Amino acid sequence: MNDQAESLRQLVSSMEQQDTPRTPRSARIITVSSGKGGVGKSNFTLNFALALQALNKKVLLFDADIGMANIDVLMGVRPRYNLYHLLKGERSIQEIMENGTNSLPFIAGGSGLTELFSLSESDLNYFTSQIESVSDEMDYIIFDTGAGLSKETLKFITAADECLVVTTPEPTSITDAYALIKVVGGMEAAVPFQLMINRVENEKEARQVADKISLVARKFLNIEIPMLGFMSDDAHVVQAVKKQVPFSIAYPNCYASRDVERIAAGYIAGGTTQDAGALTGIKGFLHKWLKRTK
């Protein structure tokens, strides 16, 4: 772990010491998480990424759901390689990036995700250089994390620029979503959260759910959590899963597809809320990752 931390320090230091004027694209690192499984997190993440891409944004989707990775299944794609091959230096990041629906680039996690937290110094150097090489080409790198409070999920959340928390109107889902936010807040990680309420009957129900979480978070955690948007309870979503085609592609005019399009447009229009001078993107990700590996 000390070798890993020292290697990251050297990498970040070298990045900061570069004095050649340049204004590259700095990919925004987003995690999509949930307090419990079965809330439609991965389905939302995939279609959200496709909606951003349809709005001319360059997006890389990273399946970081350890043990339950299924982004490839939702698209009916069989990846040749996954993160493991990159971490072991067997393939470059360009080689493990697959083209999914509408040529959306994504990286399958597979068993490699467990390796990510026990890298040798040489493997870590290779991994970080590869991630840096692709980040300048992207507007967003979206991590679909595992549900719940695993240490791997928490590391992704606390290192990212922000976290989108997916929940449903079910009481257990609401409770677990708040628990996730509370634990991350207790780690002294200033991660902005936004809520996406899934499987609702209408906007009124979505706002009621969001208000429940927001009010408690404001009272006990002293943080504001806005609602990013909501997705309707739509039978077309299940039908699309069976077809292994994203619902926004299989049924572009269904309620859920229109909802995710609105969410993506609102997200882009909302911009970011980082303070001036704050480290964001891949450089910020590496700094915060280093903090969590000390």
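If we count every other residue with Cβ under 12 angstrom of Cys254's Cβ, Lys/Arg +1 and Asp/Glu -1, where does the sum land? Counting the neighbours of Cys254, the net charge comes to -3. Going through the cross-link list Lys57/Lys243; Lys57/Lys242; Lys36/Lys155; Lys36/Lys243; Lys58/Lys88; Lys57/Lys212, which pairs have a Cα-Cα distance over 21 Å in this structure? The pairs that break the limit, which is 21 Å between Cα atoms, are Lys57/Lys243; Lys57/Lys242; Lys36/Lys243; Lys58/Lys88; Lys57/Lys212. Here the 3J(HN,Hα) profile of region 204-214, calculated from phi with Karplus coefficients 6.51, -1.76 and 1.60 at θ = phi - 60°, is 4, 5, 4, 5, 5, 5, 4, 5, 4, 5, 5 Hz, Gly and Pro shown as x. Scaled against 2.2 N^0.38 Å for its residue count N, the alpha carbon radius of gyration of region 99-230 is 1.21.
When only alpha carbons are used to place a centre, region 209-264 and region 31-62 end up 10 Å from one another.
Throughout, read-outs are computed from the coordinates displayed, never taken from laboratory work. Keep in mind the model is a prediction, meaning the values are calculated, not measured. Every residue, glycine as well, gets a Cβ built from its backbone with ideal geometry; the counts of neighbours run over all protein chains shown.
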